[in-house]
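The values are calculated or read from the model by the stated rules, or taken from the named source; none is laboratory data. What you see is a predicted model, and the numbers here were worked out from it, not measured in a lab. Cβ: placed from backbone, ideal geometry, glycine included. Neighbour counts: every protein chain shown.
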Amino acid sequence: MTFPYRHGASPGQPRQPEGPSTNELNEDIDNLARELGLDREEVDARKAFLELGEADVEALRDVHDLLECHRDVFTDRFYAHLLAFPQLRAMLGGDTEARLRQVQASYFSSLTAGEYGQDYIRERLRVGVAHQRIGLDPKWYIGAYRKYLAELQEMLWRRLQHQPGRFHAACDALLKIVCFDMGLALDTYAHASQRSLVQNQNYLEQVIDGMPAGLVVVDAGLRACSMNRMMAELLGVPDGLLDEQGLALEELIPCPDLARHAAEALASGAPHDNVLVTLDSRADGVRYVDFNIRRTRKDGAPILLLIGQDITFRRKARLRLQESEEFFRLTFNQAAVGIVLLGSDGRVLRTNSKMSHILGYSEIELLQRFFQQLTCEADLPDELALIRRLKAGEISDYQREKRLIRRDGVLVWVSVNVSSMRDANGNQRFICVIKDISRQKQAEEALLRMANHDALTGLPNRVLMQDRLGQAIMHAHRNGRQVALMFIDLDRFKHVNDSLGHDAGDALIVEIARRLSSSLRESDTVARQGGDEFVVVLPDLASEEDASTVACKLLENLFQPITLCGQEVFPSGSIGIAMYPRDGEDSATLLKCADSAMYGSKGQGGNHYSFYTAEMGEQAYEHLRMEGALQRALQRGEFLLHYQPVVDIGSGRVTGVEALLRWQPQDRGMVSPAEFIPLAEETGLIVPIGDWVLQTAMRQQVAWRQAGLPLVRISVNLSARQFLGQDVAQRVAGLLAQTGCDPSWLTLEITESVLMENPVAATETMGRLAEMGVQLAIDDFGTGYSSLASLKRFPIHSLKIDRSFVMDLTQDADDAAIVNAVIALAHSMKLNVIAEGVETTEQLAFLQEHGCDQMQGYCFSRPVAPERIEAMLRRESA
């Protein structure tokens, strides 16, 4: 028998819920068969009880073909019967009738097919589950089966009335199989009801167990039968205390008053509410529980439900509220800040003693005043505007600093926090918390001075100077006057710091600040820019000559002797001057121009002043452009090395080369080293560039060696920043290991002046390099101030005579004498001598005559690309 559930609904009929998926339904059927215990043994027992045997199966198979030919007629008549009932018509009708008929036909065929194994049973269970889920009552199910049997018997009688034995066998078998099917279907209903009951019971238990209130069930003998988890927690007893046997209510909750109310409720059935029980045996202190008692019935006997709500927090909160009110009263009166309650019109309604202390009024005097009377007149408009916004609800509070008027008329700075509130009658009130910040304001003024003045000299700092410069510019603009801005940098200040110490340097800065200040008008400003730099603002000038006069006076006053650490020092400075409006119309431009002009003064040797010119700006721009181009050059690989041969004067053979840096930008011609090397030194870019030179030269030496060329010494210049600013020995060791360069054929050249800046550190670094096998040479020898003693300390191998002595040695007797002396000195120390810049045969002849070992210069070769050196070496080795 089959009533498939619908997926749609006819108009006006409620839509049935969507059915489960096939996988879910199959899983449900498997679980159902397992829970019903429908294994082979159970199925065989059911069939035996119905006396459904093989003879019955054969009888059903015997009439299968007789009935099959009437299947469609049977289906029509069966559905006509079902659809005659409105309840079934709503459930089975509509657009699903064709599908229902197909399913019905399938069951009609399977009923007499003679296959009643596990698949048949699963199909019957599936149909039963489907009918139960759509709410088909068993009465309809049983009635349908009756109709089914009646129609089948009538059809069989018409065909087998002359074969009564066969007819009775078929009817008996049909009755047995239909009863078997009905049993399976009704089992699904019973199982579903039982499962629903268990689920409802579990749900109720979970609800009760999860209740925020405690629950105790008490029987007619006033014995506690069960309780939920919350009640167990309230009483501090195990959850399963009542599982085995009940306890008397008074044993569980030792409270006679609760027991009395429970007995009364049990007797009368009237509810008892708000029965207060105190539990004082808990480890966490006293708990207060409010019980409501209700009578109900279970299994015909009266029971009581005692529902307990923990009100400990509520009671304690009420006590805390009382304490809080008392605390507020004491705090209000003893607060370290002033507190005022204002009415909506500004009248003082309540105040504390601190407010009286701040303003000097008594509490009674304050209660007779409005806040408008106590506020500084200059601050009142802003205060009234904020109060209006509070009244309108635009803001709920505000905080500001303002001045109040003391009783003696003195203004006092206060910080005010104002909030809006409503009293019990709904009237708007304002709570004001007022803190005296007079000392804070004084401290802020001191901090402001510190923020705007130099800590060492007390002069205005950069921030205050720019403010005054801006004011001077505005004044000059209005009155058609000029402003001079001077940028002053002390000459050789670093030498004072290095030689006499930083304390002496600070003393010099303080004295310079005093001299500059004493040389200017009161309207002028002298500020310390930082380090040894000062800025002077000369407002309201008529012409450039006025600035020149002041600059001369400043230089004169600066160049007066001062004794520092017992040493007489004559300070001087370089001054750059920019004029408003000629050189710029804003502070930043004037500062930049004055700075550029100051470097112009430095370039003239110091102790000089210079006015800014457009050419200086162009030089500064070119300086900046060149610096950016240098940054990109290293990234783009625009640098290359040329090599100048070093020639043995005696044999004329090439014994080494000096690596010389060249720069070939992508967008212009070759840039002279004289243009970019000083800039690289100044900006620090010489360090990464120098690393690249050193690495590239080492790789070139390895490449020539691997090409089978004669070994030649490669010399590389180390810049001052490279040698003094980093661990050059560690860097060289790393590059030697990385490139595979032979250190015994590498010479590093350091200028004499670099060595003398820090001889001790230089000696240590050169010693580490010499230990690696690297040879060391002093470059530009004769231009520094090294002594013979200092030369003996350094582990050097060669001296290179500077080109400035070689250039005129054939015409200048002094140069010739110096060169001759250097050669003799070097040979006495067993050092190799190399002459730089040899351009003529006469110079070469002189050097050869006086025993110079090696030379390099245009006389033999200009610096050339690596390929040209390779060609030279191949010719010499041929």
Using the structure shown, decide if L490 is surrounded by 14 or more Cβ atoms within 10 Å (Cβ to Cβ) and in contact with a Ser or Thr (Cβ under 9 Å, 6 or more places away or on another chain).
yes
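Among the candidates L755, L746, L799, L736, single out the residue that is at pLDDT 85 or above, under 21 Å from K830 (Cα atoms), within 54 Å of the chain's Cα centre (by Cα) and not β-branched (V, I, T). Please lay out each step first, then the result.
Working: L755 fails: at pLDDT 85 or above; L799 fails: within 54 Å of the chain's Cα centre (by Cα); L736 fails: under 21 Å from K830 (Cα atoms).
So the residue among L755, L746, L799, L736 that is at pLDDT 85 or above, under 21 Å from K830 (Cα atoms), within 54 Å of the chain's Cα centre (by Cα) and not β-branched (V, I, T) is L746.
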In the range 791-803, is there at least one residue being assigned by TED's automatic domain parsing to the domain that holds Q701 and without any contact (Cβ under 8 Å) to a residue 12 or more places away in the chain?
no
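Of D489, D524, D467, D506, which residue is closer than 26 Å to S543 by Cα, touching a residue at least 40 places away in the same chain (Cβ under 8 Å) and not assigned by TED's automatic domain parsing to the domain that holds R350? Working first, answer last.
Details: D524 fails: touching a residue at least 40 places away in the same chain (Cβ under 8 Å); D467 fails: touching a residue at least 40 places away in the same chain (Cβ under 8 Å); D506 fails: closer than 26 Å to S543 by Cα.
Just one listed residue meets the conditions, D489.
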Could you say whether any residue in the range 821-835 is within 20 Å of S719 (Cβ to Cβ) and either among the basic types (K, R) or assigned by TED's automatic domain parsing to the domain that holds Y643 (or both)?
yes
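Looking at P710, P665 in this structure, which one is in contact (Cβ under 8 Å) with a residue 60 or more places away in the chain and in a loop (DSSP other than H, G, I, E, B)? Can you show your working first?
Details: P665 fails: in contact (Cβ under 8 Å) with a residue 60 or more places away in the chain.
Answer to the check: P710.
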If I ask for residues that are in a strand (DSSP E or B) and buried (at least 19 other Cβ atoms within 10 Å of the Cβ), which ones from the range 254-276 would you list?
H272, V275
Within the range 497-510, is there a residue that is modelled with pLDDT of 90 or more and closer than 21 Å to A594 by Cβ?
yes
When M855 is run through (1) of a type outside the set (G, A, S); (2) surrounded by fewer than 17 Cβ atoms within 10 Å (Cβ to Cβ); (3) part of a strand (DSSP E or B), the failure sits at (2)
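Restricting attention to the range 607-650, and to residues there that are of a type in the set (D, E, K, R), within 17 Å of I677 (Cα to Cα) and out of contact with any helix residue (DSSP H, G or I) (no Cβ under 7 Å at 6 or more places or on another chain), which single residue is modelled with the highest pLDDT? Steps first, answer last, please.
Within the range 607-650, the subset of a type in the set (D, E, K, R) is 615, 618, 622, 625, 627, 632, 636, 638, 648.
Imposing the further condition that a residue be within 17 Å of I677 (Cα to Cα) reduces the set to 622, 625, 627, 632, 638.
From the residues that got through so far, the ones that are out of contact with any helix residue (DSSP H, G or I) (no Cβ under 7 Å at 6 or more places or on another chain) too are 622, 625, 632, 638.
Numbers: E622: 68, R625: 74, R632: 84, E638: 89.
The residue in question is E638.
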Taking the range 41-84 as the region of interest, how many residues are free of Cβ contacts under 8 Å to residues at least 40 places away in the same chain and either part of a helix (DSSP H, G or I) or surrounded by 12 or more Cβ atoms within 10 Å (Cβ to Cβ) (or both)?
17
For V760, which of the numbered conditions (1) among the hydrophobic types (A, V, I, L, M, F, W, C); (2) more than 24 Å from D727 (Cβ to Cβ); (3) exposed (fewer than 14 other Cβ atoms within 10 Å of the Cβ); (4) out of contact with any helix residue (DSSP H, G or I) (no Cβ under 8 Å at 6 or more places or on another chain) fails to hold?
(2)
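Out of the residues in the range 1-47 that are of a type in the set (A, V, I, L, M, F, W, C) and under 28 Å from E151 (Cβ atoms), state the one that is modelled with the highest pLDDT. Show your work before the answer.
We begin by selecting, within the range 1-47, every residue of a type in the set (A, V, I, L, M, F, W, C); these are 1, 3, 9, 25, 29, 32-33, 36, 38, 43, 45.
With the extra rule that they be under 28 Å from E151 (Cβ atoms), the set shrinks to 1, 3, 43.
Numbers: M1: 50, F3: 41, V43: 86.
Applying the filter and picking the extreme gives V43.
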Could you give every pair whose Cβ atoms fall below 9 Å, whose first residue belongs to the range 736-749 and is closer than 13 Å to Q775 by Cα, and whose second residue is among the hydroxyl-bearing types (S, T, Y) and surrounded by 12 or more Cβ atoms within 10 Å (Cβ to Cβ), counting only separations of at least 6 or pairs across chains?
L746/S715; T747/S715; T747/S798; L748/S715; E749/S715; E749/S798
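Here's the yes/no breakdown for (1) assigned by TED's automatic domain parsing to the domain that holds E842; (2) surrounded by 17 or more Cβ atoms within 10 Å (Cβ to Cβ); (3) in contact with a Phe, Trp or Tyr (Cβ under 8 Å, 6 or more places away or on another chain); (4) farther than 16 Å from D779 by Cβ:
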position	(1), (2), (3), (4)
I686	yes, yes, no, no
M698	yes, yes, no, yes
Q701	yes, yes, yes, yes
L711	yes, no, yes, yes
Do you know which of the residues in the range 545-582 that are of a type in the set (D, E, K, R) and modelled with pLDDT of 90 or more is nearest to the chain's Cα centre (by Cα)?
R582
Going by the conditions given, is D397 of a type in the set (D, E) and within 40 Å of the chain's Cα centre (by Cα)?
yes
In the range 132-151, residue surrounded by the most Cβ atoms within 10 Å (Cβ to Cβ) [restricted to those that are within 60 Å of the chain's Cα centre (by Cα) and in a loop (DSSP other than H, G, I, E, B)]:
I134
Condition first: hydroxyl-bearing (S, T, Y) and not assigned by TED's automatic domain parsing to the domain that holds D345. Now tell me which residues in the range 430-464 satisfy that.
T457
Among helices (runs of 4 or more DSSP H) entirely within the range 336-429, at least 3 residues that are in contact (Cβ under 8 Å) with a residue 24 or more places away in the chain occur in 353-359, 371-374, 380-392
Please enumerate the residues belonging to the range 641-664 that are surrounded by 15 or more Cβ atoms within 10 Å (Cβ to Cβ) and over 19 Å from L746 (Cα atoms).
I649, R662, W663
Could you name every one of the helices (runs of 4 or more DSSP H) located completely within the range 718-775 that has at least 3 residues being farther than 19 Å from L660 by Cα and not assigned by TED's automatic domain parsing to the domain that holds D498?
728-739, 752-757, 759-771
Could you check the range 436-456 and list, in sequence order, the residues that are of a type in the set (D, E, K, R) and outside any helix (DSSP H, G or I)?
D436, D454
Can you run down the residue pairs with Cβ atoms below 7 Å, 6 or more apart or on separate chains, where the first is in the range 689-705 and over 19 Å from A720 (Cβ atoms) and the partner is surrounded by 16 or more Cβ atoms within 10 Å (Cβ to Cβ) and among the aromatic types (F, W, Y)?
Q701/W745
Would you point out the residue of the range 156-173, among those that are of a type outside the set (G, A, S) and closer than 24 Å to L184 by Cβ, that is surrounded by the most Cβ atoms within 10 Å (Cβ to Cβ)?
L156
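So that you can scan it fast, the table gives a plain yes or no per residue for (1) surrounded by fewer than 21 Cβ atoms within 10 Å (Cβ to Cβ); (2) under 49 Å from the mean Cα position of the chain (by Cα):
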residue	(1), (2)
L456	yes, yes
Q471	yes, yes
R478	yes, no
D503	yes, yes
L508	yes, yes
V526	no, yes
Quick one: in the range 789-832, which of the residues that are part of a helix (DSSP H, G or I) and of a type in the set (S, T, Y) is surrounded by the most Cβ atoms within 10 Å (Cβ to Cβ)?
S790
Do we have any residue at all in the range 861-872 that's in contact with a Leu (Cβ under 6 Å, 6 or more places away or on another chain), at pLDDT 90 or above, assigned to a strand (DSSP E or B) and crowded, with 17+ Cβ neighbours inside 10 Å?
no
